[in-house]
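Single-structure report; data block below.
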Amino acid sequence: MGKLKIFGAWLKKWRFLWLSILLVLAPVSMFIYSVAGNLWLRYPLFLKTPLAFEKLSLSAFEEPLCHERCLLKRLLARGVLVDSLKNGKQGAASKIIRTLAAPDESLAFKEELLLAWREAYGQNNLSPDLLAVFQNSNDQDLRVFFQNNFDLPLDSWREKERSTALASNLPLERRAASLQMLAKQDPDFFAWSMSEEILFEKPLMKFLLKDLMLSPNQKPLPADFWEKIWPKLLVSDEQGRNWAIFLARAQAPIAKNEAADFLIKAYRSPAFSVFSRSFAAEILKRQGAGQDFPLPEIKDQDLEKYLLGDNL
C-alpha cells in the first residue's frame, strides 16, 4: 500500500511533465501520419501546397522508375498543385517557374510540374515566364517535353533547334533530337533541310529517314523529295537506302504514285544491293503495282558480304 502511495505521489509530482510530453507527441504523431499517409490532403490549400511540392520532389528523387503506387501518389500531389494554380495562388506559379529554371532539379520533377501547369491552364496558355524558361533551356529532354505537351509559338523555338541541328560540333544524338522536333512541327522543315542539305548528311539522313518512317502520323513529303534524295542515296550505305525504301512503304497510303515510282527506281538500280532490291520488290508486290517484280538472285558471295557487314 505504501508503494502505491509513493507511485501516486510521483505521478502527481510529474504530471505537468507527462502532460507536456503528450501535448508534443500528439501533433508530431499527427504530422508524421499526415506526411506518410493521405491525411495531408484534408489540410487547407495553403498548407498542403508546399507538401505537394515536397512529395513530388521526393518521389522524383527516390522513384525515378515510377510504377502504380508511385503514379497514384504523384497524381494526388499534382492535383493539389492544379487546384492551387486554378485558385490563382501566385506563390505556386512562381515556385514552379523557379524550379523549372533551376539546372539542378531532376527532369522527372520538372515534368510533373509542367503536367500540373497544362492541366490547370491548358496547353495553349503559357505565361511569358514559362515561355522564357523554355527558350533559355539547354536541356534537350526538357525542351522535347515542352514541345510534346504545349503548343509553342513557332518563332520561340525554331531558330534554336535549327542552329542545334546544324552544329557539327555537337553530339549526333543532340542534333538528331532537334531534327526530330523540326520534322514533326516545323511546316517549313523540308524546304529548310534541303536548302541546308542537312537531310542528306550521314548519319543524320539515316536517323531522320528512320524517324519519318516510324512516325505514327504520316504526312505527305514535298513533291521533289524523292528526286532530291536519290543522288544522296546512291552514295549512302545499305542501311540508309533501306530506311528510304521503308519510308516509301509508309508513304504509299498518302502518296501512292510517288512512293511506287521511287520503289521501282530502287528495284531497277544496280547501286542498290540485292537485299535492298528484294525489299522494294516485296513492297511493290504487296501494293499491287501492276508489274512483275521477280526477286533478284542472292548469290553466296552476296550473302557472305552481307553477313560480314561489308555493305552496311
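Every number in this text was worked out from the coordinates using simple rules, so none of it is lab data. All values reported here derive from a predicted model rather than from experimental measurement.
Pairs from the list K184/K299; K55/K86; K184/K265; K89/K160; K73/K184; K210/K265 with a Cα-Cα gap above 29 Å: K184/K299; K89/K160; K73/K184.
If you take the Cα centroid of the stretch 38-81 and the Cα centroid of the stretch 166-182, the two points sit 35 Å apart.
Put the Cα centre of the stretch 232-295 next to the Cα centre of the stretch 120-159 and the gap is 39 Å.
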